[in-house]
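Notes follow once the structure below has been shown.
The values are calculated or read from the model by the stated rules, or taken from the named source; none is laboratory data. The shown structure was predicted, so the numbers you read here are calculated from the model rather than taken from an experiment. Cβ: placed from backbone, ideal geometry, glycine included. Neighbour counts: every protein chain shown. The area values use the complete protein model at the heavy-atom level, side chains included, leaving out ligands, DNA and RNA. Shrake-Rupley method; radii C 1.70, N 1.55, O 1.52, S 1.80 Å.
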Amino acid sequence: MRPNKPNESVKWRITFSRKTLGNRLYSVPLLLLLLPFVVGIALAEYCFIPQWLVVGALSLSAVMCYVAMESRIALLYVALMTIMAGYLVSEISERPASMPYDRAVEMVIDVRGIPAQRQGYRVAEGRITEWRDQNATYEANDRVQLWIRSDSIDAGDRVVVWSTLRKQMSRYEGYNNLLNCRGYVGGVSIADYNIISHERGATSTLQQRAIDKLAIYQADSSSHATVEAMVAGSRHAMPNNLREGYSATGLSHLMAVSGLHLGIVLMVVTLLLAPISLIHRGHIAAKLLSIVALWLFAIMSGLSPSVVRAAIMFTVLQLSTLSTSPYNPINSLAATLLIMLVIRPGYLFDISFQLSSLAVMGILAWGVPLTRLLPWRNWLLRHLTSALVIGAVATLWTLPVVSHTFGSLPLAGIVLTPVVIICAYLIVAFGLFGLLLPAPLSLPFVAMGEWCAKVQNSIVLWASEHHLTGIEYEMPLSIVALCYIVIAIITLVVWAISRKRVVVFHQLGIDEEDMI
């Protein structure tokens, strides 16, 4: 006869361990490199250090790191070396305009972006390829903001104009600095009176083709503009009241193609490529095709910093599943941000780069672990609650920067996120099917996408009209720094938690603990 099995219960013993924290930090080495690199870029913005001194400090740090490789002090030399590298990259990357400012010259300009309507004029991205004065012709490669007062100019056109390059691109200093961070060197005015010649673009851009394909159905102008913004990445047709509504409710990130949109694209493409995975080695072809689809969507939407960051992250994710190598999303995000900052250090001062990076880091560090603790097993309830948690975490992590930059705390976004996130998924999914299918079959999908956009717009406008937006408060920079120090401390404390499973046996009044 078998003996009676003793009664047992499971408990969790929570302790704080430096070893656990060390192991967690060891799993994100690129995050530890990113932080001092960011310090170096910020140092270059606000301080001046001779380049010979920076190179000397970088070389000395590398030598000392090699000498002290076996000791922990080597980490300090690595941090110093990374700071100096960030400073040096920032200094080297600064490239002034290749032509003079405030001087009327003949210039050849390629219109790169789709002109967006403003009050009395249109704005678009342009690239000056060459300029001429009375003596010679000079090659150029300057990214500029175009102020267009001519109805004949469109994306893909090449125009020769007699105009001046102006350093000030906006009367608002903050927006002017933002454009500088994005690589713009100045602004050029184009009007009918200063156009010397005008050449139409031979082929339309991928983005323009997507816009033309979505134009198969236009029941409502505002809804159609929302679909264009979220699927094709073009906000040129967005009415002002809709822009202000999304901005006031803290949901303007839905109108800018980012990781959310690319994640939906990846889901749809994975679904469409599922049959390929059934054949031998088909999963490899499916993963590679999904990467191609992601980058085509990123190119179509304009390759903004948030799109590039998300595309690189998803590419790393797809490749890691092919190689069966361990994938740490925080480490991959840090690698993506590091690559982008090496290519263009000015991204660090781009508000969209800041917000998207902070939001994704918060979701990975706090949001995802919190959703795993949700007790509900109901699929719908769990996903709605997860959306609320993710929205709250993203808002919390970006709140200090938003308050400091825009002077408001957009709290309404936390409440509205679960509803509008469902609409956003449907809009992007239906719009993507509308782009992939031929014209007769794409019509119902584009129509359903516009209907979902109408629902989303109605919710946002209702919230803004009833002042369900936020609190006006401009957070001082010192308080912003303090908020992120607190967030970092909380994250490190959580990462240091070690959970041990304890099985307690109850028999004959005797308790025995067994650590697992």
Checklist line | Estimated translational D of region 299-456 in µm²/s (Stokes, Kirkwood radius over Cα pairs; 4 °C; 1.567 mPa s) | finding: 73 µm²/s
Notebook entry, point to check: Arranged from highest to lowest average of other beta-carbon atoms within 10 Å per residue, in what order do the peptides 441-447, 141-147 appear?
Noted result: 141-147, 441-447
Check: For region 35-178, what % of the accessible area comes from carbon and sulfur atoms, probe 1.4 Å?
Finding: 57 percent
Notebook entry, point to check: Considering only DSSP beta bridges whose two residues both sit in the chain, what percent are antiparallel, to the nearest 5?
Noted result: 85 percent
Notebook entry, point to check: Just the projected area, averaged over all directions, of the convex hull on the alpha carbon atoms of region 248-383: how many nm²?
Noted result: 10.3 nm²
Margin query: Given the C-alpha atoms of the chain, compute the convex hull and give its volume per residue in Å³.
Written below: 237 Å³
Next item on the list: Report the Stokes-Einstein translational diffusion coefficient (µm² s⁻¹, integer) for region 331-376, Rh taken as the Kirkwood radius over Cα pairs, at 25 °C with viscosity 0.890 mPa s.
Entry: 208 µm²/s
Checklist line | Pairs of lysines in the chain (C-alpha under 29 Å apart; 8 or more residues apart or interchain) | finding: 6
Notebook entry, point to check: Per q in 0.20, 0.21 1/Å, what log10 I(q)/I(0) does a Debye calculation on the alpha-carbon atoms of region 133-247 return?
Noted result: -1.33, -1.35
Margin query: Report D for region 261-315 in µm² per second (integer): Stokes-Einstein, Kirkwood Rh on Cα pairs, 25 °C, 0.890 mPa s.
Written below: 215 µm²/s
Notebook entry, point to check: What net charge do the residues around L409 carry, taking every other residue with its C-beta under 12 Å from that of L409, with Lys and Arg at +1 and Asp and Glu at -1?
Noted result: -2
Checklist line | Karplus-derived HN-Hα couplings along region 332-338 (A = 6.51, B = -1.76, C = 1.60, θ = phi - 60°), whole Hz, x at Gly and Pro | finding: 5, 4, 4, 4, 4, 5, 5
Notebook entry, point to check: Sorted by mean Cβ packing within 10 Å, highest first, what order do the peptides 209-216, 274-281, 118-125 take?
Noted result: 209-216, 118-125, 274-281
Note to self: With N set to the number of residues, divide the alpha-carbon radius of gyration of region 20-141 by 2.2 N^0.38 Å and report two decimals.
What the structure shows: 1.65
Next item on the list: Sum up the charges of everything whose Cβ sits under 11 Å from the Cβ of W147, counting Lys and Arg as +1 and Asp and Glu as -1, but leave W147 out.
Entry: +4
Note to self: Going by Cα centres, region 416-467 and region 317-373 are how many Å apart?
What the structure shows: 27 Å
Next item on the list: Within the set of other residues whose C-beta is less than 15 Å from the C-beta of P444, count the net charge using Lys and Arg as +1 and Asp and Glu as -1.
Entry: 0
Notebook entry, point to check: If you roll a 1.4 Å probe over the heavy atoms of the protein chains, what accessible area per residue do you get for the chain, in Å²?
Noted result: 55 Å²
Next item on the list: Could you order peptides 386-395, 53-62 by the average number of other Cβ atoms within 10 Å of their residues, highest first?
Entry: 386-395, 53-62
